[in-house]
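Asks: Okay, handing you the structure first.
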Amino acid sequence: MALCQACARPTDTVLPAVPYGCSFEHRGLDTMISIRVRHFVDFVTDIVHAQPEPLVVINGHGGNQVLGSLVQEWNADGFPVLLLPSRADWAAAYAAAGWSFGPHEDMHAGALERSLLLYLDPETVQPTIPADVDASNRPYFTATGLQAYTASGVVGLPSYASREAGERAWNALTAAIRTTVEGWQ
């Protein structure tokens, strides 16, 4: 939600965040709530069809892969929707943070997520830094989910996190989104 608000212009309407998505890759790792794909599709499609203006969807979870196909379908059906941030936007955020690794190596609960939280909402960050987990080779991820590669839920490098890196990544991410939206409309 913070990303939507940070990127919105004063005249834009920011809809409430959808608190659940398709996150089946989390099965087997403590408590997990995930909406079945067919229910998620119906829910977000109803939201898109109710909007009178072009819509920018900010996806904060890589597990919502279905959104990419949905956006293509909505646009083909005459409902203008732009899905952000792009992979290039995330990669630029990593580069701005000063890291030589990116979203593939730092996929879940790693340096970027921890850094963004340290910058935006430091009270929510546990003081104990989880161990880094190198699971960049994940050939069975869609079949097994995270549990085949990590017991903690971390796939990445949380030891690299800092508030300063979070601020740099945040600024790069918001700038990239604003630029893309301005070019689209």
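Asks: Which value at 222 nm does the chain reach when only helices count, each DSSP H run of 4 or more adding -39,500 (n - 2.57), with the total divided by all residues and rounded to the nearest 500 deg cm²/dmol?
Replies: -12500 deg cm²/dmol
Asks: Starting from the Cα of Ser162, step 7 Å along the direction of its Cβ; do the same at Ala17; then give the gap between the two resulting points in nm.
Replies: Reported label-point gap for Ser162 and Ala17 is 2.6 nm.
Asks: Among the chymotrypsin sites (Phe, Trp or Tyr not before Pro) within segment 78-147, which fall in a DSSP loop and have no more than 11 other Cβ atoms within 10 Å of their own Cβ?
Replies: Loop-located and lightly packed - Tyr140.
Asks: I need the phi-derived Karplus couplings for segment 71-84: 6.51 cos²θ - 1.76 cosθ + 1.60, θ = phi - 60°, integer Hz, Gly and Pro marked x.
Replies: Result, rounded to whole Hz: 4, 4, 5, 4, 5, 5, 8, x, 10, x, 9, 10, 9, 9.
Asks: With θ set to phi - 60°, apply the Karplus curve 6.51 cos²θ - 1.76 cosθ + 1.60 along segment 159-175 and write out the HN-Hα couplings as whole Hz, x wherever there is a Gly or Pro.
Replies: Result, ordered by residue: 5, 8, 5, 7, 4, 5, 5, x, 5, 5, 5, 4, 4, 5, 5, 5, 5 Hz.
Asks: Residue farthest toward the positive end of the dipole of segment 97-180, with Cβ of Lys/Arg at +1 and Asp/Glu at -1: which of Ala175, Ala151, Leu112?
Replies: Ala175
Asks: Take Ser86, project a point 7 Å from its Cα along the Cβ direction, then tell me which residues of segment 162-185 have their backbone nitrogen under 15 Å from it.
Replies: Hits in segment 162-185 for Ser86 at 15 Å: 173-185.
Asks: In addition: Can you compute the modelled spin-label distance between Asp132 and Arg38, with each label point 7 Å from Cα toward Cβ, in nm?
Replies: 4.4
Asks: Moving on. Using the Cα centre as the reference, give the magnitude of the dipole from point charges on the C-beta atoms of the chain (Lys, Arg: +1; Asp, Glu: -1; all else neutral), rounded to the nearest 20 debye.
Replies: Magnitude of the dipole: close to 140 debye.
Asks: Could you give the length gained on full extension between Asp77 and Asp46, defined as 0.36 nm per residue of separation minus the Cα-Cα distance, in nm? Don't jump to the answer; show the numbers that get you there.
Replies: Working: separation 31, 0.36 × 31 = 11.16 nm, distance 1.33 nm.
Stretched out fully, the Asp77 to Asp46 stretch lengthens by 9.8 nm.
Asks: Continuing with this model, one more query. Roughly how many nanometres apart are two label points built 7 Å out from the Cα toward the Cβ at His104 and Asp121?
Replies: 3.0
Asks: Let me ask you something else. Sketch the reach of a paramagnetic label on Asn171 as a point 7 Å from Cα along Cα-to-Cβ, and name the residues of segment 65-109 whose backbone nitrogen lies under 15 Å away.
Replies: 93-99
Asks: Can you give the Rg to Rh ratio for the chain, taking only C-alpha atoms and Rh from Kirkwood?
Replies: Values: Rg = 16.9 Å, Rh = 17.6 Å.
We get a ratio of 0.96 for the chain.
Quick note: the coordinates plus some simple rules give every number you see, no bench work behind them. From a predicted model like this one, the values you see are computed outputs, not experimental measurements. No Cβ is skipped: glycine too gets one built from the backbone with ideal geometry, and neighbour counts run over all protein chains shown.
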